[in-house]
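Input: a single structure, listed below in structure tokens.
The values are calculated or read from the model by the stated rules, or taken from the named source; none is laboratory data. Computed from a prediction, not measured in an experiment: that's the story for all the values here. Cβ placement follows ideal geometry from the backbone for every residue including glycine, while neighbour counts extend to all protein chains displayed. When the accessible area is computed, the model is the full protein with side chains, heavy atoms only, and any ligands, DNA or RNA have been set aside. Shrake-Rupley method; radii C 1.70, N 1.55, O 1.52, S 1.80 Å.
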Amino acid sequence: MECLEIKKKPQDEEKEKKNDTKTIDEETGNRFPENEDRVMCRNNVIEHISSGKSINVSALLPNEIIGNPEEYNNKSTMDKKLMDIKWNLLLDYIREKMASTSENRSEIQKSLAKGNMICCCDTSGSMDLGVKSAPNRPIDIAVALTAFCSQLAAEPYRDLIITFDAQPSIVNLKDSGNNSLPLQERLECIRPSG
């Protein structure tokens, strides 16, 4: 099942309208785009953080980077960009850890370090139960870890996941050009709708 096939819905018209303003948002931000000082400051912050020198992601978990997935569309373009930067820095950090060699590793650890894995995510209704709030609900943690680990997997497993619910399926998290989907689209493909 291709995730992109699922995405063809009536809401696509709204997305096209939003894409018209996307270039403006990317250049100036969606808050006070007419304020030149604010836009310049925003661009300087993005440039500094994009360098990766000022963010220590070693103690972050994927679900902490994502936060509350239901609030994604309410985030500023700056917050979305920072989320993507932290996500990619954490991927790089973990890849570096996986590549480091250690003689004390078990065969399973060695296999995982090579990326020989396919992720399975429990998206059943029981994952939404409990008193915890996002991003610490079981479903948030499961979806974030699945999206994250599927990017760490080696080919041919990279960006393939299995959902475990009433109708289990294999989901491809690549676009038509065989590239990894952007983070928000990955999460939407994994997370159950409804």
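With a point put 7 Å past each Cα toward its Cβ, work out how far ALA166 is from ILE55 in nm, to one decimal.
According to this spin-label approximation, the distance is 3.7 nm.
So for the pair TYR157, GLU64, with labels modelled 7 Å out along Cα→Cβ, what separation do we get in nm?
That separation, rounded to one decimal, is 2.6 nm.
Let me make sure I get this right: for the range 133-194, a, b and c are the square roots of the gyration tensor eigenvalues over alpha carbons, sorted descending. Under 1.5 in a/c it's rounded, otherwise prolate if a/b > b/c, else oblate. Which is it?
Here the range 133-194 falls in the prolate category.
Return the loop-located trypsin sites (Lys or Arg not before Pro) in the range 78-108 (DSSP other than H, G, I, E, B) with at most 16 other Cβ atoms within 10 Å of their own Cβ; answer none if there are none.
ARG105
On the protein heavy atoms, probe 1.4 angstrom, tell me the percent of accessible surface of the range 34-111 carried by carbon and sulfur.
In the range 34-111, the share of accessible area belonging to carbon and sulfur is 48 percent.
Suppose the chain between GLU185 and ASP92 were pulled fully straight at 0.36 nm per residue; how much longer would it get relative to their current alpha carbon spacing?
Fully extending the segment from GLU185 to ASP92 adds 31.5 nm.
How far, in nm, would the chain grow between LYS114 and ARG38 when pulled straight, counting 0.36 nm per residue and subtracting the alpha carbon separation?
Result for the pair: 22.9 nm of gain on full extension.
From the cross-link list LYS75/LYS110; LYS81/LYS110; LYS80/LYS174, which pairs have alpha carbons spaced over 27 Å apart?
LYS75/LYS110; LYS81/LYS110
If I model a spin label at SER176 and SER106 as a point 7 Å from the Cα along the Cα→Cβ vector, what separation in nanometres do I get?
For the pair SER176/SER106, the computed spacing is 4.5 nm.
Please say if the range 67-159 is rounded, prolate or oblate, where rounded means a/c under 1.5 for a ≥ b ≥ c the square roots of the C-alpha gyration tensor eigenvalues, and otherwise the choice is prolate for a/b larger than b/c and oblate otherwise?
It is oblate, given that a/c is not under 1.5 and a/b is not larger than b/c.
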